[in-house]
Amino acid sequence: MVSDKDERDLLHLFDEKLLKPAVRIQTKLTRRFLTVSDLKKRLGLTKRQLSYWETKGIRREIGTTNKRKWRRFSIADMLSLAIVKTLNMQGVPLDACTSVFRWLQENLQYNAHMILYMTEGDDIFLFVDILSNTFDVYARSEFMPYNFDDVLHTLLAPQIVVPLLPLLLMVLVKNPMPDFGYRIKDNKVTFLVDGQEVRFDLTAEEKKLLCDPSVLKSMHRKSKNNNVGENK
């Protein structure tokens, strides 16, 4: 059983070394400055496609309206739409894509440990099980000591795996921001916010602990509750 002190220490570690640097990146990824024209041009979508997707609930849930009633979208919004397009091109029905899209909006852009994995040179994948309507994001390293490619070969239809990092980089390349960027070296992504590198100063032991699914779920919940309490 974890003592109250150990739990407080763990929550502090989570907030300071994982959540705080990730939020600096997420703030840029979720800032809404893109137009509908940007979505069409940079994702290769037609106005008819976007309108049809909206009838299915795929686009109307995202974006904010400014004073002129123009809708604006974020990098994270565009990434979600790029994933939907990828799944639809692989034969996933649009109704099923809607469920994936809603899950992405609730989970992907706030996934701090996935940002950490990218900075460590890990590959990130979205697993979609159409039959059971379940989705999750995993890093290649999470399947160790098993060979990731062997794991993929054991998957049965209708499970689909989508690599996320190439889609994210594609969206970033097409939507440059003056105060946000990235560098890639040895497959490791370094994110730059306001010209400064964002670093996760975690030891191997701390990383292993914080990326444990049960710990992450608990820490996210406790951190959110603490922040709500502080803001009252």
Work through the residues other than Tyr138 whose Cβ is under 12 Å from its Cβ and net out their charges, Lys, Arg +1 and Asp, Glu -1.
-3
Can you flag which of Lys20/Lys41; Lys41/Lys207; Lys20/Lys174; Lys85/Lys188; Lys40/Lys207; Lys17/Lys41 are past 30 Å Cα-Cα?
Lys20/Lys41; Lys41/Lys207; Lys40/Lys207; Lys17/Lys41
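If R₀ is 22 angstrom, what is the calculated FRET efficiency for the pair Asn133 and Gln105, using the beta carbon separation as r and rounding to 0.05? Walk me through the intermediate numbers first.
Numbers: r = 16 Å, r/R0 = 0.71.
Between Asn133 and Gln105 the formula returns 0.90.
Using a Förster distance of 22 angstrom, determine the FRET efficiency expected from the C-beta separation of Thr190 and Lys47, and round it to 0.05.
Numbers: r = 37 Å, r/R0 = 1.68.
Given R0 = 22 Å and the Cβ-Cβ separation, E is 0.05.
Every read-out reported here was derived from the displayed coordinates using simple, explicitly stated rules and does not represent laboratory data. Just so it is clear, the structure is predicted and the values come from calculations on it, not from any experiment. Because the Cβ atoms are built from the backbone with ideal geometry, glycine has one as well, and the counts that use them run over all protein chains shown.
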